[in-house]
Amino acid sequence: MERFILICLGGAIGTGLRYVTSGLAARWLGADFPYGTLIVNIVGSFLIGLIQQVGTTSLLIPDTTRLFLTVGIMGGLTTYSSFSYETIRLAQMGAWGQAWINVLVTTAVCLGVCFLGIAAGRWFVGARV
């Protein structure tokens with residue numbers, strides 16, 4: 001039950017961080033592109049790779065903490081549901097170029113930074129492949 005409550009708390013924190021990030025991105029970068037969703041997906045993809053690598057290959061991050069951070073906070077922070085909806089909305093508005101840029105950049109960059117997070121985790125704990 002403790003893990004469940006921690007994961008739910010982490011989800012609430014991640015959701016709040018996503019809301020704040022999206023608002024700040026719209027204010028600073030403009031609302032014509034879903035910059036906030038892109039930012040949280042990139043940051044979250046890196047962090048989930050890093051945390052999972054460190055947490056599953058060392059004792060540096062206890063299992064409960066790893067779940068709180070990845071399933072909870074990262075689960076609430078990153079959002080492919082928003083990504084999907086915003087991409088479809090761009091396409092429906094006729095902004096096909098922006099829709100495809102969003103798909104390609106989000107997919108390529110998130111996979112890339114997740115790989116970098118795993119590599120950083122391996123470096124951090126000294127794990128070998």
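Bear in mind that the values in this text are calculations on the coordinates, not laboratory data. None of these values were measured; they are calculated from a predicted model. Note that we place each Cβ from the backbone using ideal geometry, even for glycine, and neighbour counts take in every protein chain shown.
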> Toward the positive end of the charge dipole of segment 10-129, about the Cα centre and with charges on Cβ (Lys, Arg +1; Asp, Glu -1), which of 64, 99, 25 goes farthest?
Replying inline: 64
> From Cα coordinates alone, what are the radius of gyration and Dmax values for the chain in angstrom?
Replying inline: 16.1, 50
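Rounded, prolate or oblate: which fits segment 57-109, taking a ≥ b ≥ c as square roots of the Cα gyration tensor eigenvalues, rounded meaning a/c under 1.5, else prolate when a/b beats b/c? Present the calculation step by step, with values, prior to reporting the outcome.
On the way: a/c = 7.46, a/b = 2.84, b/c = 2.62.
Cα axes put segment 57-109 in the prolate bin.
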>> Could you work out the relative contact order of the chain? I mean the mean sequence separation of Cα pairs under 8 Å and 6+ apart, divided by the number of residues, in percent.
In response: 37
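Kindly provide the helix-only [θ] at 222 nm of the chain, computed as the sum of -39,500 (n - 2.57) over DSSP H runs of four or more divided by all residues, to the nearest 500 deg cm²/dmol? Display every interim value, and only then the final one.
On the way: 5 runs with 99 residues, N = 129.
That calculation yields -26500 deg cm²/dmol at 222 nm.
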> Against the longest principal axis of the chain, how steep is helix 80-92, in degrees 0 to 90 to the nearest 10, with axes from Cα atoms?
Replying inline: 10
> How far is helix 2-29 tilted off the main Cα axis of the chain, in degrees rounded to 10, range 0 to 90?
Replying inline: 40
> Regarding segment 21-93, what whole-number volume in Å³ per residue does the convex hull of its Cα atoms give?
Replying inline: 81
> About its Cα centre, what dipole magnitude does segment 2-125 give when the only charges are +1 on Lys and Arg Cβ and -1 on Asp and Glu Cβ, stated in debye to the nearest 20?
Replying inline: 60
